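I have placed the structure first, in the form of structure tokens, so that the comments after it can refer back to it.
The values are calculated or read from the model by the stated rules, or taken from the named source; none is laboratory data. It should be emphasised that the depicted structure is a prediction, and the values quoted were computed from it without experimental measurement. All Cβ positions, glycine included, derive from the backbone under ideal geometry; neighbour counts span all protein chains shown.
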Amino acid sequence: MQDEHTKTDDDKAENSKKRGRETEVEELDSLLEEPSTKRQNHDNGTTTNIAPLVGNNIQIDELGELLECCICKDIMIYPYILHCSHSFCKKCVVEWLRVNKSCPTCRKMILKPPAQNKHVQLILDLLVPKIDEEERTLYNDRKKEHEEFFKAELDRFKNVISNATDSGTKFLKIDKRWSEKEKRIFRIGLERYEGEELKTYCELTGFTKEYIQTARPSQLLIAARNVDTQIPQLVTNAIDYELLRKILMDVISS
């Protein structure tokens, strides 16, 4: 009899907790202003509300160190992350690594190029439109400065290539088999560049979207081995060339 009462009490407690969780979810949902601030949970099909993170009248400095670049001491513009997990403005960390080989925060040696921090970028994309007009104007002005910096970098990069071409410099060709040394040299560029710089870098070798789309199977295999990417196989052990094309596309668009 005592066990039955205990079980009943446990059930009541569990139901109370469940109602409490449902109330919390309803309260959070009431804060939601735009559909874009909901994220789908693919594990159970439910929708998670992230609106509280970007509520009305939030001050951007309330998130403190999470969004601050320790190099410029300001909110990050195009956040990039090092392999030690510290993030900075893309422009700041690019300039820093030109004269330093360690992380500005923890001083660990940097062995890999920085990569885009997509999680922090998502927070910024949601947060910036919610901050007050003055702060938003200052942030957007800084953003334009950073964009102009990288446009100038791209122009300088293209000028270097143009001068090298004019002087008769020979570049690798993606449809020719490369030596291990040539593969390593090309890989350095793949890791260093991104966006338009990466596209221009790959174009020097003929490694373009058009080439990948039209290349014969034998040419795709050569390209895949040149850039050291995986060669997918079907259950029958035959090569999946359609998937290989997609993989190579990812290389030039990363």
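So is Phe149 surrounded by 13 or more Cβ atoms within 10 Å (Cβ to Cβ) and under 20 Å from the mean Cα position of the chain (by Cα) or not? Working first, answer last.
Working: surrounded by 13 or more Cβ atoms within 10 Å (Cβ to Cβ): yes; under 20 Å from the mean Cα position of the chain (by Cα): yes.
Spelling it out, Phe149 is indeed surrounded by 13 or more Cβ atoms within 10 Å (Cβ to Cβ) and under 20 Å from the mean Cα position of the chain (by Cα).
Please find, within region 97-141, the residue that is nearest to Ile75 (Cα to Cα) out of those that are hydroxyl-bearing (Ser, Thr, Tyr) and free of Cβ contacts under 8 Å to residues at least 12 places away in the same chain.
Narrowing region 97-141 to residues hydroxyl-bearing (Ser, Thr, Tyr): 102, 105, 137, 139.
Now drop any that are not free of Cβ contacts under 8 Å to residues at least 12 places away in the same chain, which leaves 102, 137.
On the way: Ser102: 21, Thr137: 13 Å.
My answer is Thr137.
Quick one: which of Leu172, Leu154 is in contact (Cβ under 8 Å) with a residue 24 or more places away in the chain and over 27 Å from Ala215 (Cα atoms)?
Values: Leu172 fails: over 27 Å from Ala215 (Cα atoms).
Leu154 is the lone residue from the list that is in contact (Cβ under 8 Å) with a residue 24 or more places away in the chain and over 27 Å from Ala215 (Cα atoms).
Residue check: is Leu243 surrounded by 14 or more Cβ atoms within 10 Å (Cβ to Cβ), touching a Pro at 6+ places or on another chain (Cβ under 6 Å), not charged (D, E, K, R) and not assigned by TED's automatic domain parsing to the domain that holds Lys91? Step through it out loud before you land on a result.
Numbers: surrounded by 14 or more Cβ atoms within 10 Å (Cβ to Cβ): yes; touching a Pro at 6+ places or on another chain (Cβ under 6 Å): yes; not charged (D, E, K, R): yes; not assigned by TED's automatic domain parsing to the domain that holds Lys91: yes.
So Leu243 fits the description; yes.
Which condition breaks for His83 when tested against (1) more than 25 Å from Val128 (Cα to Cα); (2) surrounded by 15 or more Cβ atoms within 10 Å (Cβ to Cβ)?
Against the list (1) more than 25 Å from Val128 (Cα to Cα); (2) surrounded by 15 or more Cβ atoms within 10 Å (Cβ to Cβ), His83 comes up short only on (2).
Report, by residue number, each residue of region 154-198 that is at pLDDT 90 or above, surrounded by 15 or more Cβ atoms within 10 Å (Cβ to Cβ) and among the charged types (D, E, K, R).
Residues satisfying the conditions are Asp175, Lys183.
Can you spot a residue in region 128-137 that is among the basic types (Lys, Arg) and either over 30 Å from Ala215 (Cα atoms) or at pLDDT below 90 (or both)?
Residues of region 128-137 that are among the basic types (Lys, Arg), as a first pass: 130, 136.
Checking the rest, the ones that are also either over 30 Å from Ala215 (Cα atoms) or at pLDDT below 90 (or both) come to 130, 136.
Checked region 128-137: at least one residue is among the basic types (Lys, Arg) and either over 30 Å from Ala215 (Cα atoms) or at pLDDT below 90 (or both).
One residue is enough: does region 84-92 have a residue meeting the conditions outside the structural domain of Glu194 (by TED's automatic domain parsing), charged (D, E, K, R) and modelled with pLDDT of 90 or more? Before the answer, list the steps.
Quick first cut of region 84-92, residues outside the structural domain of Glu194 (by TED's automatic domain parsing) only: 84-92.
Adding the requirement that they be charged (D, E, K, R) leaves 90-91.
Those left that are additionally modelled with pLDDT of 90 or more: 90-91.
The answer is yes, given that some residue of region 84-92 is outside the structural domain of Glu194 (by TED's automatic domain parsing), charged (D, E, K, R) and modelled with pLDDT of 90 or more.
Mind checking which helices (runs of 4 or more DSSP H) fall wholly inside region 168-241 and carry at least 2 residues that are over 26 Å from Leu97 (Cβ atoms)?
Values: elements: 180-192, 195-203, 209-214, 217-226.
Result: 209-214, 217-226.
Filter region 94-152 down to the residues that are outside any helix (DSSP H, G or I) and basic (Lys, Arg), then identify the one that is nearest to His83 (Cα to Cα). Full working, then the answer.
At the first step, the residues of region 94-152 found to be outside any helix (DSSP H, G or I) are 98-117, 131-132.
Those still in the list that are basic (Lys, Arg) too: 98, 101, 107-108, 112.
On the way: Arg98: 17, Lys101: 13, Arg107: 12, Lys108: 10, Lys112: 7 Å.
Ranking the candidates gives Lys112 first.
Taking region 100-146 only, how many residues are in contact with a helix residue (DSSP H, G or I) (Cβ under 8 Å, 6 or more places away or on another chain) and basic (Lys, Arg)?
3
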